[in-house]
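Engineer: After the structure tokens below, expect a handful of questions from me.
Nothing in this text is a laboratory measurement; each read-out follows from the coordinates by a stated rule. Being a predicted model, the structure only gives us computed values, none of them experimental. Every residue, glycine among them, receives a Cβ derived from its backbone with ideal geometry; neighbour counts consider all protein chains shown.
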């Protein structure tokens, strides 16, 4: 388009530099032995891929041990190298969740929880001159909160003005009789009849639902769904660029 109107130079924004790390002694990398109580670190690959898809320069700091000093050190390193820090895990209220005191010690924390499902544990603040977003450790929660809450931050850093994804009114071809009191983002798929099918297991630990689905159904808090209802659908294609 620039060439078609004879523009030889354009004003652009620098690619955001994003530091990424995961917390948790239970995390192991694919290919390593899976000991009792351990889980594979899928978030590292999911988040890095999403960041690269949005044009970011990714600084991958790997897995940080579950202790306060290590977490503070990782935050300081990240803040010195990046515009935005993204973490996964460590934002709940367990004994080994050290991100909250670490961020408060190294910077400021403005938000700790958000009323959506999946994704209630979510932290937002600053560390030195870098923005900070702490995502949940569960794979689907991490994926959904990135799409809904991290993506707009990255777009803003790139100079974008339009941040909200397009929603479409489509027919639900399933029942959802027991809604949560939080706003829900259900993983759904388009069917041949033009409606939406629901993945049968909406657990925040089942990443298959995100791979199977075509997008998210944005369901208001406490809203039951009956087959035939019109619902708000956000395609993944709106959220991945």
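Engineer: Among the numbered criteria (1) touching a residue at least 60 places away in the same chain (Cβ under 8 Å); (2) exposed (fewer than 15 other Cβ atoms within 10 Å of the Cβ); (3) in contact with a strand residue (DSSP E or B) (Cβ under 9 Å, 6 or more places away or on another chain), which single criterion is violated by residue 30?
Structural biologist: (1)
Engineer: Residues of the range 204-235 being in contact with a helix residue (DSSP H, G or I) (Cβ under 8 Å, 6 or more places away or on another chain), free of Cβ contacts under 8 Å to residues at least 40 places away in the same chain and surrounded by fewer than 17 Cβ atoms within 10 Å (Cβ to Cβ), which ones?
Structural biologist: Hit for the range 204-235 is 214, nothing else.
Engineer: Can you find a residue that is in contact with a strand residue (DSSP E or B) (Cβ under 6 Å, 6 or more places away or on another chain), at positive phi and crowded, with 16+ Cβ neighbours inside 10 Å anywhere in the range 37-60?
Structural biologist: No: zero hits.
Engineer: Go through (1) touching a residue at least 24 places away in the same chain (Cβ under 8 Å); (2) part of a helix (DSSP H, G or I) and name the single condition residue 18 misses.
Structural biologist: Exception for residue 18: condition (2).
Engineer: With the condition kept exactly as written, say whether any residue in the range 146-159 is crowded, with 20+ Cβ neighbours inside 10 Å, free of Cβ contacts under 8 Å to residues at least 60 places away in the same chain and within 20 Å of residue 221 (Cα to Cα).
Structural biologist: Taking every residue of the range 146-159 in turn, none turns out to be crowded, with 20+ Cβ neighbours inside 10 Å, free of Cβ contacts under 8 Å to residues at least 60 places away in the same chain and within 20 Å of residue 221 (Cα to Cα).
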